[in-house]
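The values are calculated or read from the model by the stated rules, or taken from the named source; none is laboratory data. Because the structure is predicted, anything quoted here is derived from the model rather than measured. Every residue, glycine among them, receives a Cβ derived from its backbone with ideal geometry; neighbour counts consider all protein chains shown. Protein only, heavy atoms only, side chains kept; ligands, DNA and RNA dropped before computing areas. Shrake-Rupley method; radii C 1.70, N 1.55, O 1.52, S 1.80 Å.
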Amino acid sequence: MDYLFQNPISITGDALFVTDTHFGSPSEQESRVREELLIALLNQEKSHIRHLFLLGDIFDFWFEYRDVVPKGNFRLFSTLYDLYQAGVKIYYFTGNHDMWVQDYFTESFGCQVFYRQQAFVINGKRCLVGHGDGIGGKQRRYLLIKNIFGFKPNRVLYSMLHPRQAFSIARFFSRKSRASHDESLFTFLGEREFQVQFAREVLKREPVDFFIYGHRHTPAEYVLNDEVTFFNVGDWISNFSYLMFPEGEKPVLHYFKQ
């Protein structure tokens, strides 16, 4: 395993983390309700946050053509633009549902896009941040599928489809994948969590203060030892959970009051 903190990104100021909003699912109407709630949270916190972390699967499906992106989410995009204009730094980590993000968010909202986890020093604390999929344990099948979808020639071939066809196919498989999940899979498993196992392996090699992930849809604060805490930020579907990391304080999980 390579050392992860060779070139960390150092930032200071209040930071807000959101993950797994899956906008567009299971219907446009239900998605719009969740979108409005996230906008309300961002407007509630915008006066003091300096950093916004979007930890992946923000959209249930995302694919960019040169001149076409999926329609909808105008109000969310407008809010992101306002945050960007106000000086908030936005970091977008791609997930397994929105792995085909390219340059739209960078050009439109100044987002710094990450395609894998990234080491940060946030308010003086060493943090490993990412979507959290495919790490820890033996996930050969999952990683094979992800590599197939992430293979650039496959993406180019997919882009040859008409957007209506491409989006319809992707949404079909997204719904099918979600329907196959047992709700018990969204229960935090402690030491059996692949992300926790990965964190344990990292700590054998280098010090980390906080691990901050999404993907599992399970809000969790899990103490690895007296000095290290693991967080899963949860989701914006059933938990409406988010993580706040105020300057000079410790990260805290919150649940948005509707």
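For the stretch 176-199: of the residues being among the hydroxyl-bearing types (Ser, Thr, Tyr) and modelled with pLDDT under 75, which is nearest to Phe211 (Cα to Cα)? Among those residues, the one meeting the criterion is Ser184. Note on the stretch 73-86: residues that are open to solvent by 10 Å² or more (accessible area, probe 1.4 Å) and closer than 27 Å to Glu247 by Cα total 8.
Selection of the stretch 111-135 for residues being on the phi > 0 side of the Ramachandran plot and at pLDDT below 95 yields Gly132, Gly134. Report yes if some residue within the stretch 48-66 is touching a strand residue (DSSP E or B) at 6+ places or on another chain (Cβ under 7 Å), surrounded by fewer than 21 Cβ atoms within 10 Å (Cβ to Cβ), more than 21 Å from Gly234 (Cβ to Cβ) and in contact (Cβ under 8 Å) with a residue 12 or more places away in the chain; otherwise report no. Within the stretch 48-66, one or more residues are touching a strand residue (DSSP E or B) at 6+ places or on another chain (Cβ under 7 Å), surrounded by fewer than 21 Cβ atoms within 10 Å (Cβ to Cβ), more than 21 Å from Gly234 (Cβ to Cβ) and in contact (Cβ under 8 Å) with a residue 12 or more places away in the chain.
Within the stretch 202-234, track down each residue that is hydroxyl-bearing (Ser, Thr, Tyr), open to solvent by less than 30 Å² (accessible area, probe 1.4 Å) and assigned to a strand (DSSP E or B).
Tyr213, Thr229
Select from the stretch 1-32 the residues that are aliphatic (A, V, I, L, M) and either at pLDDT 95 or above or open to solvent by less than 70 Å² (accessible area, probe 1.4 Å) (or both) and write down the one among them that is nearest to Gly72 (Cα to Cα). So the residue we want is Val18.
Among the criteria (1) of a type in the set (A, V, I, L, M, F, W, C); (2) outside any loop (DSSP other than H, G, I, E, B); (3) out of contact with any helix residue (DSSP H, G or I) (no Cβ under 9 Å at 6 or more places or on another chain), the one Phe5 does not fulfil is (2).
Return the residue satisfying two criteria in turn: it lies in the stretch 41-87 and is at pLDDT below 90 and among the aliphatic types (A, V, I, L, M), and of such residues it is nearest to the chain's Cα centre (by Cα). Looking at residues that are at pLDDT below 90 and among the aliphatic types (A, V, I, L, M), I get Val69.
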